[in-house]
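Some notes on the structure that comes next.
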Amino acid sequence: MQPFTLNYARPAVQLEVTVPYAYDSGMQLNILPDGRIAATDHATLRALGTTTSTAGSKTHFDD
């Protein structure tokens, strides 16, 4: 028997987004190309709303 919701569930749409920062595993922070911390750049935060990365889910089982 298939659960009712599986009849209507659809995969999330994957948007192609280019972020102006990269994750630095040594610092455990998102870093802009010029070396600044992405979370301190107000223009980046205004444009993207967040500077999330997958670091937490890779290092902490309870995220």
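Take the conditions open to solvent by less than 90 Å² (accessible area, probe 1.4 Å), modelled with pLDDT under 75 and among the hydrophobic types (A, V, I, L, M, F, W, C) and apply them to ALA55. Does it pass? Write out each step before concluding.
On the way: open to solvent by less than 90 Å² (accessible area, probe 1.4 Å): yes; modelled with pLDDT under 75: yes; among the hydrophobic types (A, V, I, L, M, F, W, C): yes.
For ALA55, the condition - open to solvent by less than 90 Å² (accessible area, probe 1.4 Å), modelled with pLDDT under 75 and among the hydrophobic types (A, V, I, L, M, F, W, C) - is met.
I'd like the residue in segment 14-27 that is hydrophobic (A, V, I, L, M, F, W, C) and at pLDDT 80 or above and, out of all such residues, is nearest to ALA38 (Cα to Cα). If you could, list the steps in order and put the result at the bottom.
Going through segment 14-27, the residues hydrophobic (A, V, I, L, M, F, W, C) turn out to be 15, 17, 19, 22, 27.
Adding the requirement that they be at pLDDT 80 or above leaves 19, 22, 27.
Working: VAL19: 10, ALA22: 9, MET27: 12 Å.
The extreme case among them is ALA22.
Condition (residue is modelled with pLDDT under 80, among the basic types (Lys, Arg) and open to solvent by 60 Å² or more (accessible area, probe 1.4 Å)) applied to segment 28-42: is it met by at least one residue? Give the derivation first.
First, the residues of segment 28-42 that are modelled with pLDDT under 80: none.
Looking through segment 28-42, none of the residues is modelled with pLDDT under 80, among the basic types (Lys, Arg) and open to solvent by 60 Å² or more (accessible area, probe 1.4 Å).
The values are calculated or read from the model by the stated rules, or taken from the named source; none is laboratory data. These figures come from a predicted structure and were not determined experimentally. Heads up: the accessible areas ignore ligands, DNA and RNA and are worked out on the full protein's heavy atoms, side chains in. Shrake-Rupley method; radii C 1.70, N 1.55, O 1.52, S 1.80 Å.
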